[in-house]
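In what follows, a single structure is set out as structure tokens and then discussed.
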Amino acid sequence: WKSSTHAQSDLSCSTCHNTHTGVTKKMFAKKPPELCYKCHNKVKMENNLASHHPITEGKLSCENCHNPHGGDKGNLKAESINELCAKCHAEKTGPFVFEHTPVSDDCSTCHKPHGSVNNKLLKQNGSFLCIRCHKGPHGGTSPATGYFNTVNNMQKFFTECIKCHVNIHGSDLNNRFVR
């Protein structure tokens, strides 16, 4: 408890628990997620966006990922965000022979864990997410003009990266492209 962000924020047991009800599920002043939303307004808003984990639907609860009584790094129930995500999304984590480094480093490089306006909890939509790290489309720009070298490159720019680069989380085969 002492290492938790809740303790460091000077919250007491009675902030979340009814102390005289005995050891039952009714110990909570409110049930999660509503209990958590009382202080975590931004998370509540994100959980109501189009793409979100099914917390508002009652299929997951805040405690599936967070331990409110302890731990650092957001009171996660794992040593890292990747380890936590792997509990439900193991097929995305590898290890892979051909790794996409951001995936092995931190899932939250590309994904927002509580909710997003973009599909699949992505921080940005489509190719805009990719070009945050990868320089523009293949072939780049002409050093002389600053414009794309060919019409073919313009076509690549307006095509979603994942149309060709399908194994974005990594692969054991060198098949990152559609064949």
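Below, the figures for the structure above:
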{"quantity": "Cross-chain or 6+ apart pairs with Cβ under 9 Å, segment 54-65 first and free of Cβ contacts under 8 Å to residues at least 24 places away in the same chain and surrounded by 14 or more Cβ atoms within 10 Å (Cβ to Cβ), then assigned to a loop (DSSP other than H, G, I, E, B) and among the hydrophobic types (A, V, I, L, M, F, W, C)", "calculated": "Leu60/Cys88; Asn64/Ile55; Asn64/Cys88"}
{"quantity": "Tabulated pairs, segment 93-112, first open to solvent by less than 50 Å² (accessible area, probe 1.4 Å), second part of a loop (DSSP other than H, G, I, E, B), C-beta under 7 angstrom, 6+ apart or interchain", "calculated": "Phe96/Asp172; Pro102/Cys110; Pro102/Cys133; Val103/His169; Cys110/Lys123"}
{"quantity": "Segment 75-89, residues that are under 14 Å from the mean Cα position of the chain (by Cα) and surrounded by fewer than 14 Cβ atoms within 10 Å (Cβ to Cβ)", "calculated": "Ser80, Glu83, Lys87, Cys88, His89"}
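Results for (1) more than 30 Å from Cys130 (Cα to Cα); (2) outside any helix (DSSP H, G or I); (3) touching a helix residue (DSSP H, G or I) at 6+ places or on another chain (Cβ under 8 Å), shown as yes or no for each residue.
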{"position": "Ala7", "(1), (2), (3)": "yes, no, no"}
{"position": "Leu11", "(1), (2), (3)": "yes, yes, no"}
{"position": "His20", "(1), (2), (3)": "yes, yes, no"}
{"position": "Glu57", "(1), (2), (3)": "yes, yes, no"}
{"position": "Leu60", "(1), (2), (3)": "no, yes, no"}
{"position": "Pro102", "(1), (2), (3)": "no, no, yes"}
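The values are calculated or read from the model by the stated rules, or taken from the named source; none is laboratory data. None of the values given here were measured: they were computed from a predicted structure. Reconstructed Cβ throughout: ideal geometry from the backbone, glycine too, with neighbour counts over all protein chains shown. Side chains are part of the model used for accessible areas, which takes the heavy atoms of the whole protein and leaves out ligands, DNA and RNA. Shrake-Rupley method; radii C 1.70, N 1.55, O 1.52, S 1.80 Å.
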